[in-house]
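To keep things clear, I will list the structure first and then write my remarks on it.
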Amino acid sequence: MKPCLPVLAPVLLALGLLLSPASHAAESETAPPRPRVTILATGGTIAGAGASAADSATYQAAKVPVEQLLAGVPQLADLAEARGEQVFQLASESFGNEQLLALGRRVAELAENPEVDGIVITHGTDTLEETAYFLTLVERTDKPIVVVGSMRPGTALSADGALNLYNAVAVAGNPQARGKGVLVTLNDEIHSGRDVAKALNIKTEAFKSPWGPLGMVVEGKSYWFRLPAKRHTLDSEFDIRRIDSLPRVDIAYAYGNLDDTAYRAFARAGAKAIVHAGTGNGSVAAPLVPALRALREEGLQIIRSSRADQGGFVLRNAEQPDDRYDWVVAHDLNPQKARILAMVALTRTQDSKELQRIFWEY
Ligand code: DAS
């Protein structure tokens, strides 16, 4: 005859295998409060929708509102008290300086709010790396700020957005994520907002950091292996609350047979700096040097970076006499990140030696 539970209960209780209703209630009363995470939605594929489940690459980005994103992942409630806010509904290739500033200001307001423990930003993947770097430069907080996107729309088979969002909220609610700069989580990895870039445009394993991810997030738990080495957030000299506008900085992509047409056009359009996305070690074709030197003499900053897609490593006076030409080198920043740093730095200095210090430190 099977012994019934009332007989077994005292034994199970004694063994701690069965919590009495009272201790259950006590346990839930003693469970730590869930972190309060705000999710700022801006659009992108993570909010995308395709016509059929087989459409993993053919879809419209920036369609699904934030309430629906959150409703699609009810497990978020196990991780945090999550609330959503729709900041924009854009494919991120359409982000401009105005979106960067508006998003940065909203993040700063939330970071100052004692009722907010962490912030997640859902974002298109095309310019996610630029936004993440911008925020790491200008947000003066140690609260976790996690930028997340997806490579497939939520309507597709094996969509990656729901788990990416779950992991992003897990990291944003994790006190261990404090003070590590702005983070990017996709594909189970935790990357530094400074280092990460979109290396592939079709795989879920799209984002790479040349020096490796900071960690992993698996089943909502974060595992850390490295820390950022460059200045960021609380250690930054920049503050979104003191930036009214961003100067124009353009990127000229180098290739064989390039002439100075693009550089002169950018200068005429009012660029304060041009990032030269050079071949190899940020090389500059000989016929181009006089034009870039002339632009420098007219007051425009020249910043040498590398078009190498796994990240460059441009050193001063290696390929070009930067000291003599008074040019700046972008160190290991790719051209699009060099542009972000140049814009932010130019809000505080026009001095090329100060600019170079900033490129070494950030
Ligand atoms: N167009 C892309 C963007 O919004 C879609 C994506 O991959 O998120 O960045």
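The values are calculated or read from the model by the stated rules, or taken from the named source; none is laboratory data. Note that this is a predicted model, so its numbers are computed, not measured. Cβ coordinates were reconstructed from backbone atoms using ideal geometry, including for glycine residues, and neighbour counts include every protein chain displayed. All accessible areas refer to the heavy atoms of the entire protein, side chains included, with ligands and DNA or RNA removed. Shrake-Rupley method; radii C 1.70, N 1.55, O 1.52, S 1.80 Å.
Considering only residues that are more than 10 Å from the ligand (Cβ to nearest atom) and open to solvent by 30 Å² or more (accessible area, probe 1.4 Å), which ones fall in the range 112-142? Within the range 112-142, E112, N113, P114, E115, D117, E130, R140, D142 qualify. Taking residues in the range 277-292 that are farther than 12 Å from D259 by Cβ, and partners anywhere that are of a type in the set (S, T, Y) and open to solvent by less than 10 Å² (accessible area, probe 1.4 Å), the pairs with Cβ atoms closer than 7 Å and at least 6 places apart or on different chains are A277/S305; G278/S305; G278/S306; G280/S306; N281/S306; G282/S305; G282/S306.
Looking at the structure I just gave you, is P335 under 21 Å from the mean Cα position of the chain (by Cα) and open to solvent by 10 Å² or more (accessible area, probe 1.4 Å)? Yes. Note on the range 128-180: among residues that are of a type in the set (S, T, N, Q) and part of a helix (DSSP H, G or I), the one that is nearest to T58 (Cα to Cα) is N164. Within the range 305-319, restricting attention to residues that are open to solvent by 20 Å² or more (accessible area, probe 1.4 Å) and not charged (D, E, K, R), the residue that is nearest to Y133 (Cα to Cα) is G311. Number of residues in the range 72-102 that are away from the ligand (no atom under 16 Å from the Cβ), under 20 Å from the mean Cα position of the chain (by Cα) and assigned to a helix (DSSP H, G or I) equals 4. For the range 181-194, filtered to residues that are assigned to a loop (DSSP other than H, G, I, E, B) and open to solvent by less than 30 Å² (accessible area, probe 1.4 Å), the residue that is nearest to the ligand (Cβ to nearest atom) is G193. May I ask you to verify whether Q356 is out of contact with any helix residue (DSSP H, G or I) (no Cβ under 6 Å at 6 or more places or on another chain) and part of a helix (DSSP H, G or I)? It is true that Q356 is out of contact with any helix residue (DSSP H, G or I) (no Cβ under 6 Å at 6 or more places or on another chain) and part of a helix (DSSP H, G or I). Applying the set (1) farther than 25 Å from F207 by Cα; (2) assigned to a strand (DSSP E or B) to R304 leaves exactly one unmet item: (1).
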